[in-house]
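Q: Quick one: structure below, then a few questions.
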Amino acid sequence: MRLAVVLSRAADLPLACELTAAARAAGDDVAWFAMDEAVTALCELPRARWPWLEDIDVTLCATSLDRVGLAPPEWSTLGSQDDHAALLAWATHTVALT
Amino acid sequence: MSRRIALWVRAEAPARVEEAMRAALGLTLRGATVTVAVAPARLATALAVRAARTLTSFGHVVLSGETPEVWSVLAKGAEIFEIWTDLPQTPAGSTDGSSQDAPAGSSKNSPKDSQKSSPKGLLKGSSKNLSNASLEHWSNDISKGLRKRVIDNSEKNPSAPRPVEASEPSAGVSAPLEDRAVPAAATRSLSAPRPVLHLVRPGAVAPAPATPGHPTWRVDLSELDASPRPGRIVGMLTVGDGAPVPPGPVDAAALVALMRGADRVVTW
């Protein structure tokens, strides 16, 4: 399974993390696209709790990030809605936490 | 492979509606067919209106409505669903999700494994540059040219979800309703339909919709804090005929198993 996780709400971040950890443990590929409020939450995420973050593709919407004036975490990639589209084209399963 | 994506904008906050419409527009960049349902009153900003008009000018569908009938139109053949909601209210003095925790001291970052499966690289390189000027041009054209078709459709079936009317201040218009149901996904088997998995977030009002031809599984998600714990319960499987796990509490591993067995996942 190639799992796409689309995030736009900070409140959904714990579920996204749990799902990602479980999917990876089951051998699935996971990638994220985050926008809106979720980018702020991701910038503040304690990576020590989620060490696998640097092993998956996490793309942050540059427009959303620019609005809040935060720097992206090292383990993430800046992107655009085009990456959102690319992620959904890549995935076999999508969980949209929007 | 071209995806068929449905977005239902249930958010009311203008900023969230804008974000949803911006996402809808962006999702067309890799050739997906996009259908959006949004109440005209929610298209309250120029950006949202422009996005709706641009979508329709590209041949995508923008439906108007809040009723269960919207779901029946959206659900026809769409492979991917994005239900856009408002941000949950956060009690003063606290934050939600994992943002409660200050970032741990940043350890050295190791490069990602370049061999792993990833959407990166494989799918890059075909984005379109949509300038504000060209968007404005298209929206003006479409609001004039398709008005008649919108009105015709409303007369045929007044109770059905209708496209956002061009005469409304928040206009985005589209093709007649009968042409607008998302075609069945070519990759899905008709002989053995797999379930649609509905994930219902805490406090969400889910219409509990059925998808014609597909069994329904439903998981009512739990409120989760930011502390990961192996095996913690993330929700309750309340409808799961034929599911790979029994009804009752499910952890993340069980939820992944449900996803794997499902045809699509809809998060409310």
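Only the coordinates and a few stated rules stand behind these numbers; no lab work does. What you see is a predicted model, and the numbers here were worked out from it, not measured in a lab. We place every Cβ from the backbone using ideal geometry, glycine too, and count neighbours over all the protein chains shown.
Q: Just how large is the dipole of segment A:1-44 about the Cα centre, in debye to the nearest 20, putting +1 at every Lys and Arg Cβ and -1 at every Asp and Glu Cβ?
A: Roughly 140 debye for segment A:1-44.
Q: Between B:I233 and B:A206, what is the label-to-label distance in nm when each label sits 7 Å out along the Cα-to-Cβ direction?
A: Calculated label separation equals 1.6 nm.
Q: Relative to the longest principal Cα axis of chain A, at what angle does helix A:13-25 sit, 0 to 90 degrees, rounded to 10?
A: The helix A:13-25 is inclined about 40 degrees to chain A.
Q: Using only the Cα atoms of chain A, each taken as one equal point scatterer with no solvent, compute I(q) by the Debye sum, divide by I(0), and report log10 of the ratio at q = 0.21, 0.25 Å⁻¹.
A: One equal scatterer on each Cα of chain A leads to -1.04, -1.50.
Q: Which FRET efficiency value, to the nearest 0.05, do you get for A:R24 and B:A41 by plugging their Cβ-Cβ distance into 1/(1 + (r/R0)^6) with R0 = 30 Å?
A: 0.10
Q: 5 Å is the cut-off here: which amide hydrogens, built 1.01 Å from N in the peptide plane, fall below it relative to B:T267, excluding neighbours closer than 5 in sequence?
A: For B:T267, the qualifying residues are A:A96, B:I83, B:L199.
Q: Non-local amide H neighbours of B:G235 (under 5 Å, H modeled in plane, Pro and chain starts lacking H): which ones?
A: Here the answer is B:S222, B:V250, since their amide H atoms fall under 5 Å of that of B:G235.
Q: Could you point to the residue in B:A75, B:G65, B:P40 farthest towards the positive end of segment B:1-77's charge dipole, with +1 and -1 charges on the Cβ of Lys/Arg and Asp/Glu respectively?
A: Of the candidates, B:A75 comes out farthest on the positive side.
Q: Calculate one ³J(HN,Hα) per residue across segment B:212-219 by plugging θ = phi - 60° into the Karplus curve 6.51 cos²θ - 1.76 cosθ + 1.60, and present them in order as whole Hz with x for glycine and proline.
A: Couplings: x, x, 10, x, 10, 10, 9, 10 Hz.
Q: Let me ask you something else. Going by amide H atoms built from the backbone, whose H comes under 5 Å of the H on A:D57, apart from near neighbours?
A: Amide H neighbours of A:D57, under 5 Å, 5+ apart: A:W32.
Q: What number, in percent, do you get for the relative contact order of chain A if the mean sequence gap of Cα pairs under 8 Å and at least 6 apart is divided by its residue count?
A: 40
Q: Over all residues in A:20-27, what is the mean tally of Cβ atoms on other chains that come within 10 Å of each residue's Cβ?
A: 4
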